[in-house]
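What follows is a short report on a single structure.
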Ligand SMILES: Nc1ncnc2c1ncn2[C@@H]1O[C@H](COP(=O)(O)OP(=O)(O)OP(=O)(O)O)[C@@H](O)[C@H]1O
Ligand SMILES: Nc1ncnc2c1ncn2[C@@H]1O[C@H](COP(=O)(O)OP(=O)(O)OP(=O)(O)O)[C@@H](O)[C@H]1O
Ligand code: SF4
Ligand SMILES: [Mg+2]
Ligand SMILES: [Mg+2]
């Protein structure tokens, strides 16, 4: 049984202009110690998925369908209090901005000790010992001394490492990281992502890595889910998806990356842009941008088909996979 | 590599520039540039804190090339661009445009250069006036620089430029918020091109955009470069974009230029230890797991620069000389400039 099993998750935002559906029947799972990537462009629903799992959806968002099974419980039906006990304990979250986690007026040490004591019945001294050990694991130099630092005394990369140390404090089963390195330089990104990879492996922690960067996903995760306009359009083994993408959107994303083609050549762009939730076209949401669109793509939403070891939501998936679509 | 670029680009050339045929001369010359920001501090304090943002940087941007500037956050890329554009005054050194010294020029004297040099910013939302229609935004620079143009001519020009960057001219009546990020950035590009500049500085023009949109904007930038023979200074932290788009690349670290090379040469044969580490950290589509880049410690503060080579306390090749003596940019056999003692001594 997977550690986390999200089935047919539906999230809606009732607004003045009607009900917006941010996630339609989204399904994915994470095994113990497995690393899953969720990719997609801005507004695709990546963060909404993360917040839904943690019951942190901002108002007026709500889960209107599906299940979120985690360690034998359906998180979608838990009370706020029960959810609070799981959040920050069995499941930790890392955000793009470390200051979403860190309190600017408390020292790193105070925050870490308080976090631990909120979830564990242990002494201050024991909490301190664990905190220092975690800071060491994320390669903070002289961790004892750093316990006395305030967040503003640290660089952005260092702060994000402290956030990872905090995420690991309670030895969670799952970490959800939403664009954890997007704001950082590539060298710091490589440092932090390789660190997270290592830690997930040594502690057997599952990871959901949310990012728009397919290259990062390819080098960090084992499986990947591609979201487009609130729906899973492709999912499968990361290596398979990046090497043999089937959905025209995934194909488009990968071939739009500079560095794939000849320097100076025109890049393969995807025309247009992702529609806002208020204007999702009927049929396949991608059809106005798709080079393979046919009449039938404009009518029904294609089902998520299991083809070989891929899941693909495309009317023409079978032709595309055989390379016969024009 | 021709001789003039060496003189224009090497720090040894500060002061006068060797006479050269104007056509051979780089369009933009940055010569011994220094920029310090004095932070408040108390007036009785003997030494006020100073951010040493740019420390003796020299480079030449050749006509028709896409010169890319890369390096970590805070290394001085935007500061250099803003000084070149005249939005900031340098603390020392000189900026020349088409042979004329332009740093410190005042309003009227600056106006012709103002037209020939345009800038595109990272955040297309913040750089477009939300209360102005796209038409008004595009007309403004044209009316400022060409006050004698008739309304009809202005209208035609706006249409022409919009079409040339792949925008629908009917967008004119709409406001910036009605457009997606990529469309807004294409409107910013159109605005920069309205006055037929020779030189366009683009500071992280695609960083805020999604991959599917980045390709659209980069294509527009490449097409217009070719059609108009533009020279670009392109600032980015995305090295795969540089590899695709750049003619030459300058790599900066903590306010200094470590390496300057043709793009292909830089990626095939990076020489400065920092460049090597930077290139190794680029994520790419691969089944190979991400590895730590082998860059110990943190970027030092620009308020308290390390002695000698600014990279020495993080560099795998540093020796005693590195912590004592500032390495100068040296021209290699293939024209690449590298500022590193280890490379000079053949230890690289
Ligand atoms: N509180 C809210 N009210 C209404 N709509 C919302 C709300 N929060 C999110 N949405 C909508 O849900 C959709 C998905 O948003 P989400 O934040 O998950 O995108 P994302 O994939 O994380 O994008 P990004 O890469 O920009 O972070 C968007 O269209 C967004 O406008
Ligand atoms: N107006 C200012 N006052 C004080 N310091 C400044 C000012 N502008 C820039 N700096 C400092 O100068 C240095 C160079 O900044 P700059 O913005 O040029 O870096 P950058 O390479 O463009 O970084 P990024 O990739 O984050 O945009 C930094 O240390 C920055 O904090
Ligand atoms: S000069 Fe020395 S410290 Fe600087 S990069 Fe070269 S080897 Fe490293
Ligand atoms: Mg998000
Ligand atoms: Mg900048």
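Each value in this text was obtained by applying a stated rule to the coordinates, not by laboratory testing. Everything numeric here is computed off the predicted structure, so don't read it as measured data. Because the Cβ atoms are built from the backbone with ideal geometry, glycine has one as well, and the counts that use them run over all protein chains shown.
Per-residue shielding of B:291-297, expressed as the average number of other chain Cβ atoms within 10 Å of the residue Cβ, stands at 5. Along each principal axis, taking the top coordinate minus the bottom one, the Cα set of the protein assembly as shown gives 78, 66, 50 Å in descending order. Using the rule -39500 (n - 2.57) for each DSSP H run of four or more residues, divided by the residues of chain B, the 222 nm mean residue ellipticity is -9500 deg cm²/dmol. On the beta carbon distance between residue B:334 and residue B:280, with R0 = 22 Å, the FRET formula returns roughly 0.55. As a proxy for reagent exposure, A:21, A:315 were ordered by neighbouring Cβ count within 10 angstrom, fewest first; the result is A:21, A:315. Legend: mean number of C-beta atoms from other chains within 10 angstrom of residue C-beta atoms, peptide A:188-195, equals 6.
Would you mind getting me the FRET efficiency between residue B:163 and residue B:344? Use the beta-carbon distance for r and R0 = 41 Å, nearest 0.05. Plugging the Cβ-Cβ distance into 1/(1 + (r/R0)^6) gives 0.20. Relative protection proxy for A:229-239, B:217-227, from highest mean packing down: A:229-239, B:217-227 (other beta-carbon atoms within 10 angstrom). Shown here are the Rg and Dmax of the Cα trace of region A:107-169, at 10.6, 32 Å.
Against chain B, whose longest principal axis is taken from its Cα atoms, helix B:107-116 shows a tilt of about 90°. Looking at chain B, the DSSP beta bridges with both ends there are about 60 percent antiparallel.
Kirkwood Rh, Cα Rg: Rg to Rh for region B:104-196? Before the final figure, lay out each step's value.
Values: Rg = 13.2 Å, Rh = 13.6 Å.
So for region B:104-196, dividing Rg by the Kirkwood Rh gives 0.97.
Semi-axes of the equivalent ellipsoid of region B:200-266 are 21, 15, 11 Å, computed as sqrt(5λ) over the eigenvalues of the C-alpha gyration tensor in descending order. With respect to chain A, whose longest principal axis is taken over its alpha-carbon atoms, helix A:186-203 is tilted by about 80°.
How would you classify region A:74-154 from its alpha-carbon gyration tensor, with a ≥ b ≥ c the square roots of the eigenvalues: rounded for a/c under 1.5, else prolate if a/b is greater than b/c, otherwise oblate? Cα axes put region A:74-154 in the prolate bin. The separation of region A:63-106 from region A:281-308, counted between C-alpha centres, amounts to 34 Å.
Normalise the Cα radius of gyration of region B:46-113 by 2.2 N^0.38 Å (N = residues in it) and let me know the number.
Values: Rg = 13.6 Å, N = 68, 2.2 N^0.38 = 10.9 Å.
After normalising by residue count via 2.2 N^0.38 Å, the value is 1.25.
Computed from Cα atoms, the angle from the helix B:181-193 axis to the main principal axis of chain B rounds to 90 degrees. Each label point was placed 7 Å from the Cα along the Cα-to-Cβ direction; for residue B:48 and residue A:117 their separation is 4.5 nm. Only Cα sites of region B:267-312 enter the Debye sum here, all with the same form factor; the resulting log10 I(q)/I(0) across q = 0.20 1/Å is -0.81, listed in q order.
Counting Cβ atoms of other protein chains within 10 Å of each Cβ in A:242-250 and taking the mean gives 1. Remark: C-alpha extents of chain B on the principal axes read 68, 52, 49 Å, sorted largest to smallest.
Output the peptides A:142-149, B:126-133, B:261-268 sorted from most to least packed, where packing is the average of other Cβ atoms within 10 Å over each peptide's residues. The partial results should precede the final answer.
Numbers: A:142-149: 15.1, B:126-133: 13.5, B:261-268: 18.6.
Highest-to-lowest ranking by the protection proxy: B:261-268, A:142-149, B:126-133.
Taking the average, over residues, of other Cβ atoms within 10 Å as the packing measure, peptides B:110-118, B:171-179, B:249-257, A:190-198 rank B:249-257, A:190-198, B:110-118, B:171-179 from highest down. Once you wrap a convex hull around the alpha carbon atoms of chain A, what is its projected area averaged over all directions, in nm²? The directionally averaged projection comes out at 18.4 nm².
Taking each DSSP H run with n ≥ 4 as -39500 (n - 2.57) and averaging over every residue of chain A yields -9000 deg cm²/dmol at 222 nm.
Using the alpha-carbon centroid of each, what span in Å lies between region B:283-348 and region B:71-142? Measuring centre to centre over Cα atoms gives 31 Å.
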